[in-house]
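Enquirer: Below you'll find the structure I mean.
Just so it is clear, none of the values below were taken in a lab; they were calculated from the coordinates. Remember, predicted model here, so these are calculated numbers, not experimental data. Please note: Cβ atoms are built from the backbone with ideal geometry, for glycine as well, and neighbour counts cover all protein chains shown.
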Amino acid sequence: METPEFIDEARTPAGELIRLTRHSGYFVVHVDGTVLMSSGAHHSEDLMATIGCKGLRRRRDARVLVGGLGLGYTLRAALDAVGPRATVVVSELLDAVVDWNRSHVGHLADHPLDDPRVVVEVGDLVAYLRSRPEPFDALLLDVDSSPDALTSKGNGRLYDRQGLALLRDLLRPGGALVVWSAYQYPPFVRALKKAGFKPEVVRTRERAGRGAQHTLFIGRR
């Protein structure tokens with residue numbers, strides 16, 4: 001059995017160990033020994049940008065937020081879906097993940113951080129949103145395993161009544177919120193509706209047509 005190649009590691013603000021390895025040709029990110037993401041399975045991450053950014057290529061001043069940089073796939077898909085004058089803000093909690101995308105894994109998604117349309121915000125996503133940036137046409141959030149399975153305890157502020165109201169207010173009319181989840185969670189659909197969104201659920205696979213099922217929660221303003 002092949003031994004994973006260690007590349008780098010860092011600590012999250014909560015003290016968890018996040019590690020980047022390469023195994024069987026794929027780059028893998030682990031948090032405290034659990035696989036968080038892999039370069040071999042990113043179809044659902046691509047799809048969330050395709051859905052959220054639909055129609056934005058024709059909008060000259062389109063603004064998109066990508067919450068969670070990961071291995072860069074959602075950011076790349078968002079850039080491919082918008083026009084040359086758009087702005088895509090990527091909010092990432094960890095400096096290390098940004099550094100990995102500038103060095104070890106940048107080639108995976110064709111070096112999206114080198115695109116002049118990208119603005120990188122390093123730090124807590126909720127704090128950034130509460131700073132009241134200019135409104136967005138799409139909010140693409142992939143920062144937790146699900147709205148009820150948080151990577152960071154503070155992220156719960158995204159999915160409660162006040163958090164969803166903030167997300168709604170940060171969307172331009174007709175804009176879309178897309179939240180990635182590893183599984184279905186019906187209470188969140190009800191929460192989106194109560195917050196004034198028109199909710200939709202898309203079930204997809206981690207790889208095109210195969211692999212584990214993931215869920216995309218969509219809320220349209």
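Enquirer: For the chain, what are the DSSP H helices with axial Cα length of 30 Å or more and mean Kyte-Doolittle hydropathy of at least 1.0?
Expert: None pass (Cα extent of 30 Å or more, hydropathy at least 1.0).
Enquirer: Something else about it: Give the cross-link partners of LYS153 among the aspartates and glutamates, using a straight C-alpha distance below 13 Å as the criterion and excluding same-chain residues fewer than 8 apart.
Expert: Within reach: GLU16, ASP124, ASP144.
Enquirer: Restricting the count to DSSP beta bridges whose residues both fall in segment 40-220, what percent are antiparallel, rounded to a multiple of 5?
Expert: 45 percent
Enquirer: Out of GLU134, GLU121, GLU206, any idea which swings most in a Gaussian network model of the chain, alpha carbons joined below 10 Å?
Expert: GLU134
Enquirer: What residue among ARG76, ARG11, ARG63 has the largest mean-square fluctuation in a Gaussian network model of the chain, using Cα springs under 10 Å?
Expert: ARG11
Enquirer: Hey, got the dipole for segment 40-220? About the Cα centre, +1 on K and R Cβ, -1 on D and E Cβ, debye to the nearest 20?
Expert: Value, rounded to 20: 940 debye.
Enquirer: Each residue of segment 60-72 in turn: what ³J(HN,Hα) in whole Hz from Karplus with 6.51, -1.76, 1.60 and θ = phi - 60°, glycine and Pro shown as x?
Expert: Taking θ as phi minus 60°, the curve returns 5, 9, 4, 10, 10, 10, 10, x, x, 6, x, 9, x Hz for segment 60-72.
Enquirer: Given springs between every Cα pair under 10 Å in a Gaussian network model of the chain, which of LEU158, LEU141, LEU75 has the largest fluctuation?
Expert: The residue that fluctuates most here is LEU158.
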